[in-house]
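Notes for the one structure printed next.
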Amino acid sequence: MNKRIICVFTGTRAEYGLLKPLMEKIKKDIEFELKIIASGTHLSPEFGLTYKEIERDGFKIDEKVEMLLSSDTPIGITKSIGLGLIGYASLLQRLQPDLAIILGDRFEALAFAIACYVARVPIAHLYGGETTEGVIDEGIRHAITKLSYFHFTSTEEYRKIVIQLGESPDRVFNVGALGQDNIRKMELLSKEELEDKLGVKFKKYNFLITYHPVTLEKESAENHIKNLIDALDEFEDVLLIFTKSNADTEGRVINKMIDEYVNKNPLKAVAFTSMGQLLYLSTMKYVDVVVGNSSSGIIEAPSFKVATVNIGDRQKGRIKAESIIDCGYQKESIRNAIKLALSDEFKLKIKNVVNPYGDGNTAERIVSILRAQRIDNIKKEFYKIKDIS
């Protein structure tokens, strides 16, 4: 039996952390041959050379594609997309995959999706239908949806949105979010082991902070991160654990300001370019609140019954559990939201919160569906919703 070549693309540390359980399932399946493409920030010293994490986990990277310029301006990102297209076109010619798997909505993923579409390689897209109204990811995600053949969504509502975009219901599957697989099956560290690994000692209050640029906002990331840091600085007997921003527009501005704050407050704050999934999820388990605008605060944190202070519009439109507290960009709004998250009343309220993003068996569902699918013709008709008004 000829194995079908499944090509998994990863361009960032966070994306790989989510894809890992799916990659493990594909690697072990007798019907598939796994091929891995690492690109984007994985290959950047500035962002931690995180391709090494993939290799430490026992995976062979079949292709590495340099595409990231040392610039987070709109011009630099657009040029990075162009470089990615050139590199991805060549590797697809070499690998000849039967199917490509792409997760999410980043510009690196868009470039790979375009290359696959032109090369007539069918795409299975994870997490279409979601909405993040404050960032360019919103349009990129929907664009990748239209370039893709199979769709794996994290909730039933998102499945309906993908169908609304004209995708046939028989190719759109609600499977839950892969982040729940890691939480359910990964053996997380004890508090003592985590403190040793991070080189910190937990305090009365402990915050996990991740803030990414809001790329469709007119106000600068510098103002946003200043307000956040000023709000955090008002809390006493607290350990601030920062994970740095990605390669979006103004991401380097955010990282520079975080480094400056940590250097001035070494007893109160630490920062990591990349924690890896084990350290990150273990930290999330033991902190009092997750602060910032990362999707992990929306999708993963509720599984730990940990409050999330979600700042601004980056995640606007996503389905949210009751443990999520939305607030504005102002210092006072952030401070008040954190105080609410730390209150006994709110902790009691979220004690039995239900995570709407699945039960931890997403990778198995995806592989099972892929086993049953055969692609004889990649032409797609635009599915029309008959009862739309």
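Quick check: Cα centre of region 92-170 to Cα centre of region 173-205, how many Å?
28
What do you get for GluC sites (Glu not before Pro) in region 38-117 restricted to DSSP loop and a cutoff of at most 16 other Cβ within 10 Å of the site's Cβ?
Here the sparse-neighbourhood loop sites are 66.
Given axes a ≥ b ≥ c from the Cα gyration tensor, I'd like to know whether the chain is rounded (a/c under 1.5), prolate (a/b larger than b/c) or oblate.
The shape class here is prolate.
Extension gain residue 78-residue 316, at 0.36 nm per residue separation less the Cα-Cα distance, in nm?
Once the chain is fully extended between residue 78 and residue 316, it gains 83.2 nm.
Jot down the radius of gyration and Dmax of region 156-281, Cα atoms only, both in angstrom.
Both quantities, over Cα of region 156-281: 18.7, 55 Å.
Express in Å², to the nearest 10, the accessible area of residue 86 obtained by rolling a 1.4 Å probe over the protein heavy atoms while all chains stay in place.
Roughly 120 Å² of residue 86 is accessible to a 1.4 Å probe.
So which GluC sites (Glu not before Pro) in region 231-310 are both in a DSSP loop and have at most 10 other Cβ atoms within 10 Å of their Cβ?
Passing sites in region 231-310 are 236.
Give the ranking of 305, 79, 28 by solvent-accessible surface, highest area first, calculated with a 1.4 Å probe.
Largest accessible area first, the residues go 28, 79, 305.
Do the alpha carbons of any pairs in 25/244; 3/380; 146/316 sit beyond 27 Å of each other, and which pairs?
Table pairs above 27 Å Cα-Cα are 25/244.
Using unit Cβ charges (K, R positive; D, E negative) and no other charged atoms, how large, in debye to the nearest 20, is the dipole of the chain about its Cα centre?
In debye, rounded to 20, the chain gives about 780.
In straight Cα distance, which aspartates and glutamates are under 15 Å from residue 320, not counting same-chain residues fewer than 8 positions off?
130, 133, 156, 157, 300
Considering only protein heavy atoms, with the full assembly of protein chains and a 1.4 angstrom probe, order 118, 238 by accessible area, largest first.
So the residues, ranked largest to smallest area, are 118, 238.
If I stretch the segment between residue 205 and residue 330 completely, what's the gain in nm (0.36 nm per residue apart, minus their alpha carbon distance), one decimal?
Extending this stretch completely gives an extra 42.8 nm.
Please report, in debye to the nearest 20, how large the charge dipole of region 222-357 is about its Cα centre when each Lys and Arg carries +1 at its beta carbon and each Asp and Glu carries -1 there.
340
Which of the pairs 191/349; 160/331; 203/331; 64/226; 20/268 have their Cα atoms more than 27 Å apart in this structure?
Going by Cα-Cα distance, 160/331; 64/226; 20/268 fall outside the 27 Å limit.
Kindly provide the Kirkwood hydrodynamic radius of region 1-85 in Å, to one decimal, from all pairs of distinct alpha carbon atoms.
For region 1-85, inverting the mean 1/r across all distinct Cα pairs yields 13.7 Å.
In Å³ and rounded to a whole number, note down the convex hull volume per residue for the Cα atoms of region 66-211.
184
Not counting ligands, DNA or RNA, and with a 1.4 Å probe, what is residue 331's accessible surface area in Å² rounded to the nearest 10?
Around 60 Å² of this residue is reachable by solvent.
Which one, 361, 114, 378, projects farthest toward the positive side of the charge dipole computed for the chain from Cβ point charges (K/R +1, D/E -1)?
Towards the positive end, the residue furthest out is 378.
Could you tell me what fraction of 2.2 N^0.38 Å the Cα radius of gyration of region 217-353 comes to, as a two-decimal ratio?
1.00
Relative contact order (percent) for region 27-81, with alpha-carbon contacts under 8 angstrom and 6 or more residues of separation?
Computed value for region 27-81: 31 percent relative contact order.
Grab the Cα-Cα distance for residue 230 and residue 270, subtract it from 0.36 nm times how many residues apart they are, and report the gain in nm with one decimal.
Roughly 12.8 nm would be gained on extension.
Of 208, 254, 265, which is farthest towards the positive pole of region 174-277's charge dipole, taken about the Cα centre with +1 and -1 on the beta-carbons of Lys, Arg and Asp, Glu respectively?
208
Between residue 31 and residue 373, what is the label-point separation in nm under the 7 Å Cα-to-beta-carbon projection?
For residue 373 paired with residue 31, the spin-label model returns 1.2 nm.
Can you tell me, using C-alpha contacts under 8 Å and at least 6 residues apart, the relative contact order of region 123-276 as a whole percent?
18
Quick one: pull the percentage of alpha-carbon pairs in region 253-299 with a separation above 12 Å.
Distances greater than 12 Å cover 72 percent of the Cα pairs.
The values are calculated or read from the model by the stated rules, or taken from the named source; none is laboratory data. What you see is a predicted model, and the numbers here were worked out from it, not measured in a lab. Here Cβ is always computed from backbone atoms with ideal geometry, including for glycine, and neighbour counts include all displayed protein chains. With ligands, DNA and RNA removed, areas are computed over all heavy atoms of the protein, side chains included. Shrake-Rupley method; radii C 1.70, N 1.55, O 1.52, S 1.80 Å.
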